[in-house]
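Worksheet for the structure shown next.
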Amino acid sequence: ANFSEQVVESFPSDISTGIYYGWACVGNGDVHKMVLSIGWNPFYKNIKKSVEAHIMHTFKDDFYGEILSIVILGYIRSERNFSSSEALISAIQEDIEEAKRQLDLPEHLKLKDDNFFHLPEGKTVNH
């Protein structure tokens, strides 16, 4: 899930680029583990900073236009370039495994049920 430019620009300017882990929820759905990339994605030579969430769940449908609520709990590594797409894919898989390990810790698991993830009744998204 890629965040809009407007959302990216609203992130704190002093947040370090890199790979993070945390929890994510689409709309009023279930809360899932996620890995979050904040940065320039040097492998793809982006000229604008991006924030991209990889939610560890297979969704039946697209969720464009839905509210995506996230909680960032920890930092995995700094952003870096890769010599090949294979090396990038390998690093992403390692990031996912590290996020799973961290999010299974009791202090992180308890945040999965936080009220932050429950939207008020009738809350809709402006399309």
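The values are calculated or read from the model by the stated rules, or taken from the named source; none is laboratory data. Everything numeric in this text was worked out from a predicted model, so none of it was measured. We place every Cβ from the backbone using ideal geometry, glycine too, and count neighbours over all the protein chains shown. These accessible areas exclude ligands, DNA and RNA; they are computed on the full protein's heavy atoms, side chains included. Shrake-Rupley method; radii C 1.70, N 1.55, O 1.52, S 1.80 Å.
Suppose all protein chains stay in the model; what accessible area per residue would a 1.4 Å probe give for region 5-117, in Å²? Before the final figure, lay out the partial values.
Numbers: 6990 Å² over 113 residues.
About 62 Å² of surface per residue is accessible.
In terms of Cα to Cα distance under 16 Å, which aspartates and glutamates are near enough to residue 49, apart from those fewer than 8 places away along the same chain?
Answer for residue 49, where 16 Å is the Cα cut-off: 5, 9, 14, 79, listed by chain and number.
For the chain, what is the mean residue ellipticity at 222 nm derived from helices alone (per DSSP H run of n ≥ 4: -39500 (n - 2.57); sum divided by total residues; nearest 500 deg cm²/dmol)? Spell out each step's value before the answer.
On the way: 3 runs with 29 residues, N = 127.
After summing the helix terms and dividing by residue count, I get -6500 deg cm²/dmol.
How big is the dipole moment of the chain about its Cα centre under a simple scheme where the beta carbon of each Lys and Arg is +1, that of each Asp and Glu is -1, and everything else is neutral? Debye, nearest 20, please.
On the way: 12 positive and 19 negative charges, 40 e Å.
About 200 debye.
Just the number, please: carbon plus sulfur as a percent of the accessible area of the chain, 1.4 Å probe, no ligands or DNA/RNA counted. Display every interim value, and only then the final one.
Working: 4190 of 8330 Å².
Carbon and sulfur atoms account for 50 percent of the accessible area of the chain.
With a Cα-only, solvent-free Debye model of the chain, what are the log10 I(q)/I(0) values at q = 0.16, 0.19 Å⁻¹?
Computed log10 I(q)/I(0) values: -0.86, -1.19.
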